Amino acid sequence: MTFLSMSQKEVDYYNIISRLINREINGSDVANLLKLSTRQVRRLKAKVKQHGAKGLIHGNRGKSSNRQILDQEKQKIISLINEHYHDFGPTFACEKLFEVHKIDHDPKTIRQIMIDQGFWKPRKKKKEKEHRMWRERKANYGEMIQFDGSYEYWFEDRAPKCCLLASIDDATGKVTKAKFDKVAGVMPVFAFWQEYLEKQGKPRSVYLDKFSTYKMNQRFAKENHELKTQFERAMDQLRIETISANSPQAKGRVERLFLTLQDRLIKELRLNSISTIAEANIFLEKVFIPNFNAKFAVEPRGKANLHSKLIQREQEQLNSILSRQEQRVVQNDFTISFNKQWRQLIKEQPATICKKDKVIVEEWADGSIHVRLRGKDLNYEILPERPKKQTVQPWVIAATDKVPAMVESAKINV
């Protein structure tokens with residue numbers, strides 16, 4: 001004999017329906033008490049009359065599910081997860097089981113298997129410590145791009161820690177570009193944006209944090225608005241608005257992107273045996289980003305693409321705009337110093353140069369150095385070292401040379 005337990009809800013239903021059958025209460029009052037329709041009450045009343053309390057228990061209670069996984073298939077899933085996906089999340093593991101092994105099951109089923117086998121531990125929901133207002137997505141693609149970099153062991157123990165630079169569109173959630181580099185310095189960031197602008201055009205605005213590459217945070221910089229970072233100066237020249245976030249939560253879209261990538265991308269690189277930055281960047285562009293966007297991107301409210309093409313002048317000057325720039329003063333001998341090297345400005349120049357002129361030295365992404373004055377590219381030669389100044393005047397040396405002869409002459413006269 002099989003015994004089936006009743007839930008507290010079913011016990012409560014039975015007590016109320018029993019009173020209805022004994023005419024202690026009418027059907028309308030029962031419907032109000034149980035928050036059911038009168039039709040449902042009549043159906044339950046008929047079941048209790050026919051089967052008693054058992055009539056309130058679902059017919060499938062105690063029976064095996066028609067969708068239950070066969071033991072042989074379940075063992076195969078456990079074996080594959082243990083071999084390839086033991087540190088994957090249930091949803092990601094479910095996707096890989098279908099993509100690679102053609103095993104199609106609901107993520108909840110895979111999740112329960114992983115919990116039972118100890119591969120996955122359910123996470124407790126975190127309590128929100130600080131109340132934050134929800135910000136609506138921008139309406140159109142290209143209206144605002146969130147941008148940041150994340151240092152991580154992206155190749156696990158197969159390569160050193162490196163940085164992933166990534167941008168995501170606020171309206172659609174599409175990853176517009178991602179690129180690995182050793183660091184998130186000025187030149188890697190400029191190289192990232194040069195490729196972005198040449199391919200997709202200029203977004204209306206870029207939303208980023210107050211990291212020193214993007215924003216000057218010092219007190220004197222805040223008081224003097226003329227002081228800007230290399231990145232802010234370049235974006236101003238391209239007429240792209242930069243918006244600085246006051247907290248990581250403010251640019252939550254790109255922060256959540258990195259959380260997802262730190263889970264999925266690291267494992268994808270492992271599965272594809274990728275261990276170098278060059279290979280990873282090809283994989284990102286050709287495989288990972290298209291698949292990621294197809295899976296997670298959303299439809300924007302507006303249909304416009306607000307990226308604007310670079311005009312001809314911007315195309316011609318893009319290398320110059322996206323360069324590290326510093327000001328130098330022309331010395332009296334028409335030399336300037338940059339990166340511990342002295343450069344001699346030669347006589348033939350496209351612009352008139354005077355002593356004490358202030359020139360701009362540009363370091364381009366390709367490593368070349370350009371000296372500019374009033375928009376003109378100046379000609380120079382690299383000196384092995386700066387000519388040293390004479391410490392003793394020539395006339396002093398000449399006079400010193402005559403001293404021994406004068407003394408000897410005096411001796412003779414004596």
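The values are calculated or read from the model by the stated rules, or taken from the named source; none is laboratory data. As the structure is a prediction and not an experimental result, all values here were calculated from the model. Positions of Cβ are backbone-derived with ideal geometry, glycine not excepted, and every protein chain shown enters the neighbour counts.
A few points about this structure:
- Here the helices (runs of 4 or more DSSP H) wholly within the stretch 26-112 that include at least 1 residues being under 48 Å from the mean Cα position of the chain (by Cα) and surrounded by fewer than 17 Cβ atoms within 10 Å (Cβ to Cβ) are 71-84, 90-101.
- Counting only helices (runs of 4 or more DSSP H) that fall entirely inside the stretch 222-296 and contain at least 1 residues that are crowded, with 18+ Cβ neighbours inside 10 Å, touching a strand residue (DSSP E or B) at 6+ places or on another chain (Cβ under 7 Å) and modelled with pLDDT under 90, the qualifying elements are 230-237, 252-271.
- Looking only at the stretch 157-173, and only at residues there that are free of Cβ contacts under 8 Å to residues at least 40 places away in the same chain and not in a strand (DSSP E or B), the one that is nearest to Tyr141 (Cα to Cα): Lys161
- Boolean, Gly302 is outside the structural domain of Val186 (by TED's automatic domain parsing) and either at negative phi or surrounded by 17 or more Cβ atoms within 10 Å (Cβ to Cβ) (or both): yes
- Here Val403, Val359, Val392 are screened, and the one residue that is at pLDDT below 85 and not in a helix (DSSP H, G or I) is Val392.
- Whenever a residue of the stretch 225-245 is in the same structural domain as Asp209 (by TED's automatic domain parsing), its partners that are modelled with pLDDT of 85 or more and part of a loop (DSSP other than H, G, I, E, B), lying with C-beta atoms within less than 6 angstrom and at least six residues away or across chains, give the pairs Ala234/Leu322.
- Qualifying residue in the stretch 370-388 (condition: at pLDDT below 90 and surrounded by 16 or more Cβ atoms within 10 Å (Cβ to Cβ)): no
- Any hit, the stretch 255-272, residues being touching a Pro at 6+ places or on another chain (Cβ under 9 Å) and of a type outside the set (A, V, I, L, M): yes
- Test: Arg343 is under 15 Å from Glu362 (Cβ atoms) and either more than 33 Å from the chain's Cα centre (by Cα) or not in a loop (DSSP other than H, G, I, E, B) (or both): yes
- Residue count for the stretch 140-176, restricted to those that are among the basic types (Lys, Arg) and at positive phi: 0
- Residues within the stretch 1-25 that are surrounded by 13 or more Cβ atoms within 10 Å (Cβ to Cβ) and of a type in the set (Asp, Glu), tallied: 2
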